[in-house]
Amino acid sequence: MKKVLIITYYWPPFGGSGVQRWLKFVKYLQDYNWKPIIYTPKNPYIEIFDKDLLDDIPEDINVWKTNIWEPYKIKDFLFGNQNENQSSGIVNNRNFKDKFLNWIRGNIFIPDPKKYWVSPSIKYLKKKIKNNNINHIITTGPPHSMHLIGLGLKSTMPKIKWIADFRDPWSDIDLLDSFHLSNYAQNKNQKLETEVLKKSNAIIAVSETWRDNLILKGANHVELITNGYDESDFKNCKLIKSDKFIIGHYGLLNKIRNPKLLWKILNELCEENVKFNSNLEIRLSGNIDNNIITSIKSFPFLKDKLVHLGNLTHKQVIKEYFSTSVLLLLLFNSQSGKGNYPGKLFEYFATKNPILAFGPKQSDVKNLLKLTNTGLYFNYENEKNIKEEIINLFENKIKFAQKSMLNFTRKELTMKLSDLLNKI
């Protein structure tokens with residue numbers, strides 16, 4: 001069995017969406033004659049714990065760990081841990097302190113605060129790779145510092161085969177706008193990204209739009225491998241009937257994806273329709289930006305409809321899917337949002353519950369929902385037909401004839417990954 005080293009910051013007991021993709025690849029890679037070895041920090045800055053995910057790690061997998069130093073710990077010492085989850089993508093700009101910290105994050109820690117793990121990791125892994133006869137490595141980002149580890153290893157070991165997995169954009173992701181990057185910082189990010197794109201043997205993109213963007217940036221070989229769902233996670237799951245009409249979103253939600261138009265329309269429907277008002281419930285879990293909570297509660301008919309469940313394990317999230325009437329999917333209303341396939345989208349498919357999505361006028365999600373006949377898609381600014389369609393969902397007047405989802409199972413996607421490893 002051939003070996004592949006996977007370099008990832010996110011690994012159980014880390015929870016959240018960032019860990020799911022490579023945990024599931026690792027779970028199934030040995031079925032395709034590849035033996036994965038994991039390299040991950042010993043002491044990461046964990047904001048969400050999910051110990052249940054440890055059960056998905058095959059017993060015979062080697063996990064190599066070294067210590068990492070992260071500046072978030074200094075921030076917590078000086079300012080306290082306010083559970084803002086900046087490293088997970090929630091960025092506040094409430095006051096001078098927030099703006100200053102964001103500026104430091106974007107202009108000093110390039111490409112991200114994990115950069116101090118790069119050099120010691122290269123030194124550690126060079127010996128381990130040689131001693132264990134490893135010829136293939138995979139880096140996955142964000143954090144994109146993981147790709148700099150791959151770049152360093154490729155520079156000193158040119159015969160190594162290296163795949164860089166881009167789960168999100170790098171130099172053009174929307175969150176960078178909140179960091180007020182200088183020209184130097186922006187150029188540095190672009191330069192590092194270009195080096196990774198040109199010196200790796202292959203790039204993995206998670207959507208069609210992001211794949212095309214990486215090709216335009218000069219990537220030599222880009223393969224599309226989306227996120228997916230693990231069939232084993234959904235065994236014995238059944239829809240839980242409820243008298244409530246539950247609209248639910250489970251996972252990280254930052255202020256860039258606040259669907260103010262949806263809250264407005266739901267408030268109007270509650271005012272106009274007594275039955276809708278008595279049945280509506282809005283369920284959110286995970287790290288929710290305070291702006292979204294405030295926005296919902298500013299509407300008089302919605303302030304008592306909100307149920308915030310806090311952080312849930314992945315198993316608990318799946319259970320919530322099956323008790324939810326309509327699954328809410330919120331993209332960035334921006335250029336990078338056009339190519340954003342949230343991991344939860346594919347898990348939504350597995351439930352066969354209707355999806356209500358908001359995003360840019362055109363996006364890969366819009367195209368996929370139409371192709372699979374799994375839900376409704378609206379633009380954040382266009383109010384047309386939304387109220388009517390939500391009432392149709394409430395009255396169960398829309399029937400979705402969902403098509404086969406086998407192409408999005410984790411096992412099928414792992415087969416694509418193994419094919420790529422065999423090709424390079």
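What follows draws every value from the coordinates through simple rules; no lab data is involved. On a predicted model such as this, the values are computed, not experimentally measured, just so you know. Glycine gets a Cβ as well: all are built from the backbone with ideal geometry, and neighbour counts include every protein chain shown.
Summary table below
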item	result
Potential lengthening between Ser155 and Tyr116 on full extension [0.36 nm per residue; Cα-Cα distance subtracted]	12.2 nm
Between helix 145-156 and the chain: long-axis angle, C-alpha atoms, 0 to 90°, nearest 10	20
Distant-in-sequence amide H partners of Asn135 (H built 1.01 Å from N, under 5 Å)	Lys3
Net lengthening on full extension, Lys65/Asp177 (0.36 nm per residue, minus Cα-Cα)	37.0 nm
The chain - mean residue ellipticity at 222 nm from DSSP helices (-39,500 (n - 2.57) per run, n ≥ 4, rounded to 500)	-11500 deg cm²/dmol
Region 395-410 and region 289-364: distance between their alpha carbon centers, rounded to Å	17
Packing-based order for 235-248, 158-171, using average beta carbon neighbours within 10 Å, highest first	158-171, 235-248
Helix 410-423 axis, angle to the chain major axis (alpha carbon atoms, nearest 10°)	30
Fraction of alpha-carbon pairs over 26 Å apart in region 231-406 - percent	24
Principal-axis tilt of helix 183-199 within the chain, Cα atoms, nearest 10 degrees	70
Sequence ranges 5-18, 358-371, ranked by mean other-Cβ count within 10 angstrom, highest first	5-18, 358-371
Tail fraction, Cα-Cα pairs, region 142-193, threshold 16 Å, whole percent	47
Cβ-based exposure ranking for Glu231, Glu47, in which fewest neighbours within 10 Å come first	Glu231, Glu47
Ordering of 289-296, 250-257, 139-146 by burial proxy (mean other Cβ atoms within 10 Å per residue, highest first)	139-146, 250-257, 289-296
Alpha-carbon radius of gyration plus Dmax, which is the widest Cα pair, for the chain in Å	21.7, 70
Listed pairs Lys128/Lys161; Lys275/Lys338; Lys127/Lys161 exceeding 24 Å between Cα atoms	Lys275/Lys338
Listed residue pairs exceeding 32 Å between alpha carbons, taken from Lys159/Lys366; Lys65/Lys198; Lys97/Lys387; Lys238/Lys384	Lys159/Lys366; Lys97/Lys387; Lys238/Lys384
